[in-house]
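K.L.:
My structure is below; once you've seen it, I'll send some questions.
The values are calculated or read from the model by the stated rules, or taken from the named source; none is laboratory data. This structure is a prediction, so every number in the text was calculated from the model and none was measured. Virtual Cβ from ideal backbone geometry, glycine too; neighbours counted across all protein chains shown. When the accessible area is computed, the model is the full protein with side chains, heavy atoms only, and any ligands, DNA or RNA have been set aside. Shrake-Rupley method; radii C 1.70, N 1.55, O 1.52, S 1.80 Å.
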Amino acid sequence: MKIELKHITVKDIFDGYLNDDENNGGVVGYGELLNIRPAYQRNYVYKDKQRDKVIDTVLKGLPLNVMYWVHNEDDTYEVLDGQQRTISICDFVNGDFSVLWNGKTHYFYTLTEDVKKKILEYELTVYICEGTDSEKLDWFQTINIAGEKLLDQELRNAVYYGPWLADAKRFFSKRDCIAKRIGERYMVGDPNRQQYLETVLRWVSNDDINKYMAEHKNLPNANQLTQYFRNMVAWLNDTFEYRKEMCGVPWGPIYNEHQNDIIDTKALEEKIASLMMDEDVTNKKGIYEYVFDSDERHLSIRAFDMRMKREVYERQKGICPHCKQHFDIKEMEADHITPWSEGGTTTIDNCQMLCKDCNRKKSNK
């Protein structure tokens, strides 16, 4: 790999600057020769405090961290590392936000001419490299180790970029993306940090995201993936009465297995409503998995507290009612006499203390 060191002014980078990423127009600068956000790069994630710190560093004439560009065969460039800082500087010069300077709030255009000149003549230290795609991507992963940690999906995007990924990001990864507009009430995470995309990829691929992306990366669009999400949201809207507890449920596996089932939605809603009102069910989100697989572990059934355990232990005089042996309380476990699934509640009159062996045998029946 060939690497060249250059010092490039803000004025030169801002020449031809256009940030039209929200409309899929991309981000360019340096006389329109610099692609500031290539397909494999993550979206702009700097918070205001980080963004303002970059401008403060420039205003004070202090050095920013080294940036890295790629020199392409057609004499254009790509930002390999440094896009967050580059966009922060160019957006400020473009008048898109203000910062506090010398005790006053300033946009770039309200600064004095000498300060504007100082910013425009500020030099960024840039290493420009030439090499194969694999060399560039390997370097990309290496140089980001010391920076703000990339999430797993952001790293995958660096490896599997192409037209398919660009289309998938348009649907799942913009601030006001389509996926957020139609499915936000079912999803958790930040689409801008690729968390919507990662979640849906995990669901559609049965948790083999790398294989799925490798198989699809050369397709011209992500229609199959986006239609999967649209169909899932439609199924959720048709099957359930919405409750806030539905946000963040792992819907993918449920949808994958039951999307073609004939479901009595009225009976399903009655069962869900009953479980929502059950005081022993402490994990209400888990209800949506439980109604399909009947696994009580989803519900986190309320446990007997120490007061109940002690009272029952003393009432039994430390004797396990199954094996009739005496045990210290530390060697015993609280158990529902009538199981919760058969209507038993977590109350003292439905509690018995069993030795650990007997409780395990009962649980395994």
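K.L.:
Would you mention how many residues in segment 240-251 are assigned to a helix (DSSP H, G or I) and more than 22 Å from residue 296 (Cβ to Cβ)?
P.N.:
1
K.L.:
Still on this structure, I have one more. Which residue is farthest from residue 275 (Cα to Cα), if the candidates are limited to segment 312-335 and must be of a type outside the set (Ser, Thr, Tyr) and in contact with a helix residue (DSSP H, G or I) (Cβ under 6 Å, 6 or more places away or on another chain)? Step through it out loud before you land on a result.
P.N.:
Filtering segment 312-335 down to residues of a type outside the set (Ser, Thr, Tyr) leaves 312, 314-335.
Among the residues that remain, those that are also in contact with a helix residue (DSSP H, G or I) (Cβ under 6 Å, 6 or more places away or on another chain) are: 320, 322-323, 329, 333-335.
Working: 320: 32, 322: 31, 323: 34, 329: 32, 333: 25, 334: 22, 335: 21 Å.
Applying the filter and picking the extreme gives 323.
K.L.:
Inspect segment 221-238 for any residue being in a loop (DSSP other than H, G, I, E, B) and open to solvent by 20 Å² or more (accessible area, probe 1.4 Å) and give the result as yes or no.
P.N.:
Yes, that holds for at least one residue.
K.L.:
Does residue 121 satisfy being within 27 Å of residue 93 (Cβ to Cβ) and either modelled with pLDDT under 70 or within 22 Å of the chain's Cα centre (by Cα) (or both)?
P.N.:
When the stated conditions are applied, residue 121 does not pass them.
K.L.:
Being under 12 Å from residue 346 (Cα atoms) and out of contact with any Phe, Trp or Tyr (no Cβ under 8 Å at 6 or more places or on another chain) is the filter here; which residues of segment 301-316 pass it?
P.N.:
So the first thing to find is which residues in segment 301-316 are under 12 Å from residue 346 (Cα atoms), and the list is 301-305, 308-309.
Once the filter is applied, which keeps residues that are under 12 Å from residue 346 (Cα atoms) and out of contact with any Phe, Trp or Tyr (no Cβ under 8 Å at 6 or more places or on another chain), segment 301-316 yields 302, 303, 304, 305, 308, 309.
K.L.:
Now, a different point. Would you say residue 286 is among the small types (Gly, Ala, Ser) and touching a strand residue (DSSP E or B) at 6+ places or on another chain (Cβ under 8 Å)? Quick ask: steps written out before the conclusion?
P.N.:
Details: among the small types (Gly, Ala, Ser): yes; touching a strand residue (DSSP E or B) at 6+ places or on another chain (Cβ under 8 Å): no.
Answer is no for this residue.
K.L.:
Next up: Can you tell me which residue is surrounded by the fewest Cβ atoms within 10 Å (Cβ to Cβ) among those in segment 38-56 that are in contact with a strand residue (DSSP E or B) (Cβ under 6 Å, 6 or more places away or on another chain) and at pLDDT 85 or above?
P.N.:
Ranking the candidates gives 52 first.
K.L.:
I would also like to ask the following. Using the structure shown, decide if residue 137 is closer than 20 Å to residue 69 by Cα, outside any helix (DSSP H, G or I), open to solvent by less than 50 Å² (accessible area, probe 1.4 Å) and at pLDDT below 85.
P.N.:
no
K.L.:
Then there's this: Could you tell me which residue of segment 202-220 is most open to solvent (accessible area, probe 1.4 Å), considering only residues that are free of Cβ contacts under 8 Å to residues at least 24 places away in the same chain and not in a helix (DSSP H, G or I)?
P.N.:
207
K.L.:
Tell me which of these residue 178 doesn't satisfy, since it passes every other one: (1) open to solvent by less than 10 Å² (accessible area, probe 1.4 Å); (2) touching a Phe, Trp or Tyr at 6+ places or on another chain (Cβ under 9 Å).
P.N.:
(1)
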